[in-house]
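Remarks on the structure that follows.
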Amino acid sequence: MAVERKIMKVLNGETLSPPPVWIMRQAGRYLPEYRETRATAKGFLDLCYTPDLAVEVTLQPIRRYAFDASILFSDILVLPDALKRNVRFVQGEGPQMDPIDAEGIAKLDPSGMHDHLAPIYETVKRLRQELPEETTLLGFCGAPWTVATYMIAGHGTPDQAPARLFGYRDRASMMRLLDLLADMSADYLLQQFENGADAVQVFDSWAGVLDEDCFDAFCVQPMKRIVGKVRAVRPDAKIIGFPKGAGSLYRGYREKTGVDALGLDWTVPFSFAAELQKEGPIQGNLDPLRLVAGRDAIREGVDRILDALGNGPLIFNLGHGVTPQADPDDVGYLVDRVRGNA
Ligand code: CP3
């Protein structure tokens, strides 16, 4: 690598001051240019599967803010889509698909996944060519548990009760689904690396609804399986794990799964975050609502994070995705504040 990308340095354990910064869902509806491009696509999935459009929306936040990382524009639900679960994004209603049961799980066939996902690999390749040299390119996928929650319910739910019930009633089928998703995810991430991703993040957005036993079985073990399969091919692959809402179960997650960095949500206290940071890089963890609340809330939040965690390996980020209500100018302010320019 000719240029040393800042986020790669942090993932290798270095402390940078100021820390590098990017934000989850940085390409999205808070940006007018995203809404404009989105309106030219037939649907959300067409946006994901059309390299011209996906490259464009991925680059939009980089042009505006020069974030230190660019994250591939796609969605975690392209894997169920590749499994022919009839995924659709209904405006205002969130994602939907055909709900799956034990019989459906037994019939799942991942054999056509790489053909289905080829346009995404093309997007990754073009992004690495078009991005500034210094910008880290992140690939991603959903964690098996989080993807499974949508597959089982057929839509988003506030507490993932359908998937949790399924996990208690038919653990064998649940593990069969999670293992299949873990294997697909590892193959999918490897293709992203192959096409130019520098590092990847695995989003486990619903890790926080599980008891200790289920957290280990449904989140930790599948994540360990993904990391193991990816590293068997690419021993130096850098992987960020984001078990959102894991609370005290963040302790031990890095060690048990083998991820390089821990993505922290905004409920993680700084004292605990600092402990986790002694064991390796962390990423986070500004409450996305601070971005909506305005500059005082942003300044206070950013400064507290820099004070508490800036002396160790940190990738500055939000604690979850930016919301459509955020003001694009305030996102610029956040980046300036982190970089000491405001
Ligand atoms: O971060 C980025 O900029 C990369 C793109 C990205 C998207 N989704 C684009 C998107 C990433 C990394 C995701 C991950 C994702 N998708 C997660 C995990 C992270 C998280 O936020 O918890 C989850 C759970 C999903 C599933 C999903 N996709 C949901 C719940 C929704 C929202 C539905 C809605 O209408 O609000 C989506 C749609 C989606 N994914 C949008 C974007 C920009 C908005 C759709 C649109 O433009 O109409």
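Quick notes on this structure:
- Any chance Val57 is open to solvent by 40 Å² or more (accessible area, probe 1.4 Å) and of a type in the set (A, V, I, L, M): no
- Scanning the stretch 261-281 for residues that are within 18 Å of Val200 (Cβ to Cβ) and buried (at least 21 other Cβ atoms within 10 Å of the Cβ) yields Ala261, Leu262, Gly263, Leu264, Pro281.
- Residue match in the stretch 67-74 (condition: more than 11 Å from the ligand (Cβ to nearest atom) and under 20 Å from the mean Cα position of the chain (by Cα)): yes
- Selection over the stretch 140-153 of residues that are near the ligand (Cβ under 10 Å from one of its atoms) and open to solvent by less than 10 Å² (accessible area, probe 1.4 Å) gives a count of 6.
- From the options Gly241, Gly245, residue that is of a type outside the set (A, V, I, L, M, F, W, C) and assigned to a loop (DSSP other than H, G, I, E, B): Gly245
- Restricting the stretch 76-92 to residues that are within 12 Å of the ligand (Cβ to nearest atom) and without any contact (Cβ under 8 Å) to a residue 40 or more places away in the chain, the residue that is farthest from Asn195 (Cα to Cα) is Gly92.
- Helices (runs of 4 or more DSSP H) enclosed by the stretch 255-342 - at least 3 residues per element that are within 16 Å of the ligand (Cβ to nearest atom) and more than 21 Å from Arg5 (Cβ to Cβ): 288-293
- Annotation for the stretch 103-111: no member residue is more than 12 Å from Met151 (Cα to Cα), within 11 Å of the ligand (Cβ to nearest atom) and of a type in the set (S, T, N, Q).
- Qualifying residue in the stretch 45-54 (condition: more than 15 Å from the chain's Cα centre (by Cα), near the ligand (Cβ under 7 Å from one of its atoms) and open to solvent by 50 Å² or more (accessible area, probe 1.4 Å)): no
- Among the candidates Ile71, Ile76, residue that is among the β-branched types (Val, Ile, Thr) and crowded, with 22+ Cβ neighbours inside 10 Å: Ile71
- Condition check for Glu122: away from the ligand (no atom under 15 Å from the Cβ), surrounded by 14 or more Cβ atoms within 10 Å (Cβ to Cβ), at pLDDT 95 or above and more than 23 Å from Val292 (Cβ to Cβ): yes
- Any hit, the stretch 142-162, residues being in contact with a Ser or Thr (Cβ under 6 Å, 6 or more places away or on another chain), hydrophobic (A, V, I, L, M, F, W, C), outside any helix (DSSP H, G or I) and touching a residue at least 24 places away in the same chain (Cβ under 8 Å): no
- Hits in the stretch 1-37 (condition: near the ligand (Cβ under 9 Å from one of its atoms), outside any loop (DSSP other than H, G, I, E, B) and touching a helix residue (DSSP H, G or I) at 6+ places or on another chain (Cβ under 6 Å)): Tyr34
- Residue match in the stretch 236-246 (condition: among the hydrophobic types (A, V, I, L, M, F, W, C), open to solvent by 30 Å² or more (accessible area, probe 1.4 Å), under 21 Å from Glu14 (Cβ atoms) and at pLDDT 95 or above): no
- Every listed requirement among (1) touching a residue at least 40 places away in the same chain (Cβ under 8 Å); (2) of a type outside the set (Phe, Trp, Tyr); (3) assigned to a helix (DSSP H, G or I) is met by Leu165 save one, (1).
- Members of the stretch 210-229 that are surrounded by fewer than 17 Cβ atoms within 10 Å (Cβ to Cβ) and either acidic (Asp, Glu) or not in a helix (DSSP H, G or I) (or both): Asp211, Glu212, Asp213, Asp216
- Among residues of the stretch 195-209, those that are under 25 Å from Val3 (Cβ atoms), touching a Ser or Thr at 6+ places or on another chain (Cβ under 8 Å) and open to solvent by 10 Å² or more (accessible area, probe 1.4 Å), counted: 1
The values are calculated or read from the model by the stated rules, or taken from the named source; none is laboratory data. This structure is a prediction, so every number in the text was calculated from the model and none was measured. A quick note on method: Cβ atoms are made from the backbone with ideal geometry, for glycine too, and the neighbour counts reach across all protein chains shown. When the accessible area is computed, the model is the full protein with side chains, heavy atoms only, and any ligands, DNA or RNA have been set aside. Shrake-Rupley method; radii C 1.70, N 1.55, O 1.52, S 1.80 Å.
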